[in-house]
1. So residue B:226 passes all but one of these: (1) within 14 Å of chain A (Cβ to nearest Cβ); (2) part of a helix (DSSP H, G or I). Which condition number does it fail?
2. Evaluate the following for residue B:21: is it free of Cβ contacts under 8 Å to residues at least 40 places away in the same chain and farther than 18 Å from residue B:140 by Cα?
3. Of all residues in segment A:331-357, count the ones that are touching a helix residue (DSSP H, G or I) at 6+ places or on another chain (Cβ under 8 Å), of a type outside the set (A, V, I, L, M, F, W, C) and not in a loop (DSSP other than H, G, I, E, B).
4. Sort out which residues of segment A:152-165 are part of a helix (DSSP H, G or I) and surrounded by fewer than 19 Cβ atoms within 10 Å (Cβ to Cβ), and write them in order of number.
5. Do we find a residue being under 15 Å from the mean Cα position of the chain (by Cα) and surrounded by 20 or more Cβ atoms within 10 Å (Cβ to Cβ) anywhere in segment B:83-91?
6. May I ask you to list the residues in segment B:148-161 that are at the interface with chain A (Cβ under 8 Å from one of its Cβ atoms) and of a type outside the set (A, V, I, L, M)?
7. Name the single residue, out of those in segment B:158-183 being of a type in the set (D, E, K, R) and more than 16 Å from the chain's Cα centre (by Cα), that is farthest from residue B:76 (Cα to Cα).
8. Within the set of pairs 6 or more residues apart or between chains, which connect a residue that is within 12 Å of chain B (Cβ to nearest Cβ) and surrounded by fewer than 15 Cβ atoms within 10 Å (Cβ to Cβ) inside segment A:216-233 to a residue that is at pLDDT below 90 and not in a helix (DSSP H, G or I) with Cβ atoms less than 6 Å apart?
Amino acid sequence: MTDLKDLSREAKRLAVVFEATGAEVVELDFLQISNVLLDLYGEDIRGRAFITNDPVYGEMMLRPDFTIPIVEQHMANSVSTARYTYCGKVFRRQEEFPDRPREFLQVGYEIFDGTNTEKADAEVFLLVNEALNGIPIRIATGDIGILMAAVRSLSTTETRKKALLRHIWRPQRFRTLLNQFSGLSSKPHPTQDVEDYNKIIDKFEIIGSRNVQEIKERLLKLKLESEIDPIDPEEVKILDDILSLKDTCTVALSYLEKVSKKMRGIEKTVDSFAKRLEFLEHNGINVDLLDFEGSYGRTSMEYYDGFVFGFYSEIYKDLAPVATGGRYDALTERMGQGKKIPAVGAVLRPDLTLLLRENNHD
Amino acid sequence: MIRLGIPSKGRLMGQTFDWFSERGINLVRSDSDREYAGHIQGIKNVQLIFLSASEIPRELSAGRLHFGVTGNDVIQEKLVLFNQLVKPISELGFGFADLIIAIPSFWVDVKTLDDLDAVSAQFRDKHGYRLRIATKYHRLLREFLMKAGVADYQIVDSQGATEGAVKNGLAEAIADITSTGDTLKANHLKILSDGLILKSQATLFKSLTSDFSQEENQVANSLLKKLRAKN
């Protein structure tokens with residue numbers, strides 16, 4: 001059993017690393033109105049968060065994380081530059097893994113600043129690395145931004161790209177769509193022409209909010225989709241190669257630079273990757289040894305859309321990540337109702353860092 | 001005393017009685033039909049507890065019942081990691097029901113989960129809120145759709161008359177159990193071709209959390225032996 005005094009000392013120890021930057025220390029209500037989280041995560045969040053009811057506000061959640069409410073607050077107040085840090089408990093329902101804790105401390109750091117995004121990426125990463133000094137750690141990094149840029153630069157319809165981008169965080173559905181769009185598997189067929197539908201529509205009772213017009217629109221869309229060419233296999237191959245890329249940052253970069261000569265649309269994001277590595281290297285990170293995975297951050301890190309990273313125990317392979325972080329520019333736009341600002345952040349688990357520290361001394 | 005949970009209402013109760021009596025075990029309800037208790041003819045130390053089929057999972061998992069008859073749909077919906085809490089002893093061959101996803105029949109553009117996902121995106125764009133699916137099987141539906149990678153939907157709770165939810169403006173689609181499909185048809189709904197979440201039937205479960213004394217163990221074993229004799 002973890003000594004609570006040790007735990008709070010450990011949390012403090014991590015927190016001072018972030019507070020030393022002069023970041024504003026934020027506190028949040030335990031209870032958050034559900035709407036924002038539901039809009040963002042969809043139903044899946046109900047499996048992960050404790051939900052309760054307020055007679056006035058309706059559905060409320062015990063905060064499952066800090067980032068979303070902080071983004072919400074920041075975007076509501078201003079779009080100026082800011083650095084925040086926090087230390088507090090979050091709450092998670094555990095359905096699949098009943099042994100995992102329902103409440104645990106998080107220490108985190110968020111930068112809202114568009115002046116030099118690569119430098120901000122590096123700043124967050126380096127602070128986390130500093131906070132975890134002395135703990136044997138395996139680090140994984142990736143870049144969802146490169147992936148999204150690759151999808152955007154496919155020579156195909158906007159509709160297809162939009163469908164793929166919508167599922168960038170659901171690898172299986174992404175794969176299904178990609179296979180359909182590239183002709184590798186059959187896709188939903190237009191069941192009938194709109195004219196034929198018009199003839200039979202009287203036979204049906206029209207119920208619910210989705211109306212006949214919407215169905216006709218989709219029938220047309222399916223018809224159009226069935227008539228356009230599959231995505232160029234060459235481009236699919238590049239996308240697949242990026243997705244399965246797994247190497248050191250240095251090797252990954254030189255590979256991606258080569259690819260970006262063929263796929264111009266990813267050039268900007270690859271440049272960013274290079275700049276970020278420079279900042280890291282300049283600050284003592286050996287990027288020749290730092291891992292890079294093209295698919296990293298796709299399954300559990302929804303809303304990240306650029307640099308992503310995770311710090312894992314080298315000893316306990318099944319342990320949840322000790323720290324995770326990444327860039328979430330699009331999220332600020334989504335919550336800013338028109339306003340946006342580049343943002344990047346990270347979160348650490350003092351309970352896990354303490355466990356690893358204690359273990360390291362034994 | 002072995003505590004055996006029996007569904008307290010309607011056809012499910014009747015068929016449960018029949019199933020046991022076909023195996024030479026006569027369930028007897030207490031003299032007053034209104035009392036939710038009973039025993040087994042000729043076998044001592046077994047107490048019948050009549051409960052709503054939807055409460056039997058909870059009682060089994062809490063160990064307050066040693067055995068219970070209910071559908072595996074409610075077992076899987078209500079019990080997280082159900083196979084660590086209960087063990088199916090025998091499928092009873094009635095109470096068949098499929099948990100399915102159904103949509104309005106006039107949605108001629110929708111046949112599969114692929115379509116449902118695409119329509120969810122379209123619906124959210126158009127209407128500004130997520131496509132609503134009415135169900136009482138929140139967990140099973142959520143897990144099923146998560147695995148299938150369907151996004152941009154929301155679950156609305158419906159504890160009864162779910163087939164009417166679309167017509168009544170509460171939802172755009174439903175997830176519910178069906179046996180013949182007649183009620184769906186009558187409510188202008190059709191089933192997604194790959195929308196089968198679970199096949200269910202009445203099943204006799206053993207609690208893995210309840211304590212069995214030596215004597216209770218003996219009673220349970222002789223009971224199970226009798227039940228198996230027919231199979």
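The values are calculated or read from the model by the stated rules, or taken from the named source; none is laboratory data. If you're wondering where the values come from, they're calculated on a predicted model, not measured in any experiment. Neighbour counts run over all protein chains shown; Cβ positions are idealised from the backbone, glycine included.
1. (1)
2. Details: free of Cβ contacts under 8 Å to residues at least 40 places away in the same chain: yes; farther than 18 Å from residue B:140 by Cα: yes.
Taking the combined requirement at face value, the residue satisfies it.
3. 7
4. A:152, A:158, A:159, A:161, A:162, A:165
5. Yes: one or more hits.
6. Hits for segment B:148-161 are B:149, B:152, B:153, B:154.
7. Among them, the one singled out is B:167.
8. A:223/A:190
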